[in-house]
Amino acid sequence: MKKTVFTGDRPTGQLHLGHYLGSLQNRVKLQNSGAKVKILIADTQVLNNDISKSKNVKENILNLMRDYMFIGLDPEKTSFLLQSQISELFELGMYFSNLVTQEQLLRIPTIKSEREMYQENGTMNMGFLTYPIFQTADIVMFSPDVVPVGEDQVPVLEFGNDIIRKFNNSFGNDLLKKIVPVISETPRLIGIDGQHKMSKSLDNAIFLRDSKDEIKRKCMKMFTDPNHIRVSDPGKVEGNIVFMFLDIFHQDKNKLESLKNHYTKGGLGDVVLKKMLIDDISQYLEKFQNNKKYSDSDLLEILSDGTSKAKKEASEKMKVLRSYIFK
Ligand code: TRP
């Protein structure tokens, strides 16, 4: 049997290099090594962040589908499902919500930090507070072998396993399959501001479908070493965002080493480095141009096909689960 891999994304906008290096690249590898990959587009969960943005969700679903195909996910091998259309997920989440306490949710780090950082007066909507419950339902419904996630999501999946344990204890051993997280090892990519991880909301991202002009504009804006004013000044490599990016995207590592030496001694200008970086990133993204192109209507059809199949699977599973809950 093929290994099944399940993961999900909130449709928040276009995908950027940070997403690609962090998780998308890995999905393409998994798909091409024969795994059955399922990707949930969490169009319901995304409303937990800000329900007033619901008008953008439709366009962002399409954006996600465009990005998925752009990077080489193949609808023959990978399936896509739209959360809002699979009402069984919310039913299962509702049963799950009786198995955990508010205190448990509040101890999950992603909930804790959201509460401290973004939500005014320490309050947050119930949707956000309960997302780990519904995320557990998303996963459990499709019994995947592994769930690739960022490190910060591991406590959420452990919490999910606690729900699964309680559910199985209450209604029947081995009814639900334990979640196995696999942590994507790539560290989060820093944004072009050099301050925070790459993120659309912080306006520091290079998007996968950015044009070369766009990439150029963004790279030219990068800060380097504030004390490297004249070309002849010695410059600092450490903490220099242009070098951080060159480390990732420049292939000729020997040349990069000698450029670093040159920069440290003085006599190497920022613009030379930035031009190299613009070429490197543009080239890196160029490989995607060979991937098959899909029209918007193709994309929507692929998504709706995947969703119908998933809905059928979920509906059968819920029938079984209900029969155990309401014995
Ligand atoms: N929480 C994920 C995100 O922030 C999206 C998501 C929803 C998900 N359901 C999932 C991820 C199930 C993995 C498994 O993007």
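The values are calculated or read from the model by the stated rules, or taken from the named source; none is laboratory data. Note that the structure is a prediction, hence the values are computed from the model and not measured. Cβ: placed from backbone, ideal geometry, glycine included. Neighbour counts: every protein chain shown. Quick note on the areas: whole protein, heavy atoms, side chains included, nothing else; ligands and nucleic acids left out. Shrake-Rupley method; radii C 1.70, N 1.55, O 1.52, S 1.80 Å.
Mind counting the residues in the stretch 22-40 that are open to solvent by 10 Å² or more (accessible area, probe 1.4 Å), assigned to a helix (DSSP H, G or I) and more than 15 Å from the ligand (Cβ to nearest atom)?
Number satisfying all stated conditions: 4.
Within the stretch 99-109, is there a residue that is within 16 Å of the ligand (Cβ to nearest atom), at negative phi and either within 14 Å of the chain's Cα centre (by Cα) or surrounded by fewer than 17 Cβ atoms within 10 Å (Cβ to Cβ) (or both)?
Taking every residue of the stretch 99-109 in turn, at least one turns out to be within 16 Å of the ligand (Cβ to nearest atom), at negative phi and either within 14 Å of the chain's Cα centre (by Cα) or surrounded by fewer than 17 Cβ atoms within 10 Å (Cβ to Cβ) (or both).
If I ask for residues that are near the ligand (Cβ under 10 Å from one of its atoms) and surrounded by fewer than 21 Cβ atoms within 10 Å (Cβ to Cβ), which ones from the stretch 10-21 would you list?
Listed by number, the residues that qualify are ARG10, THR12.
Which of the residues belonging to the stretch 125-138 are open to solvent by 10 Å² or more (accessible area, probe 1.4 Å) and either in contact (Cβ under 8 Å) with a residue 12 or more places away in the chain or near the ligand (Cβ under 10 Å from one of its atoms) (or both)?
ASN125, GLY127, PHE128, LEU129, THR130, TYR131, PHE134, GLN135
Can you report the number of residues in the stretch 241-275 which are of a type in the set (D, E, K, R) and under 30 Å from the mean Cα position of the chain (by Cα)? So that I can check it myself, show each step before the final result.
Within the stretch 241-275, the first condition is being of a type in the set (D, E, K, R), and the residues that meet it are 247, 252-253, 255, 257, 260, 265, 270, 274-275.
Next, from what is left, pick out any that are under 30 Å from the mean Cα position of the chain (by Cα): 247, 252-253, 274-275.
Number of matching residues: 5.
What pairs can you find where one residue is in the stretch 5-17 and within 13 Å of THR44 (Cβ to Cβ), the other is more than 9 Å from the ligand (Cβ to nearest atom) and open to solvent by 10 Å² or more (accessible area, probe 1.4 Å), and their Cβ atoms are less than 6 Å apart, with a gap of 6+ or different chains?
Filtered contacts from the stretch 5-17: PRO11/ASP43; PRO11/VAL57; PRO11/ASN60; PRO11/ILE61.
Only one of these is without any contact (Cβ under 8 Å) to a residue 40 or more places away in the chain, open to solvent by 20 Å² or more (accessible area, probe 1.4 Å) and more than 10 Å from the ligand (Cβ to nearest atom): LYS197, LYS177, LYS166. Name it. Walk me through how you get there before you give the answer.
Working: LYS197 fails: without any contact (Cβ under 8 Å) to a residue 40 or more places away in the chain; LYS166 fails: without any contact (Cβ under 8 Å) to a residue 40 or more places away in the chain.
Being without any contact (Cβ under 8 Å) to a residue 40 or more places away in the chain, open to solvent by 20 Å² or more (accessible area, probe 1.4 Å) and more than 10 Å from the ligand (Cβ to nearest atom) holds for just one of LYS197, LYS177, LYS166, which is LYS177.
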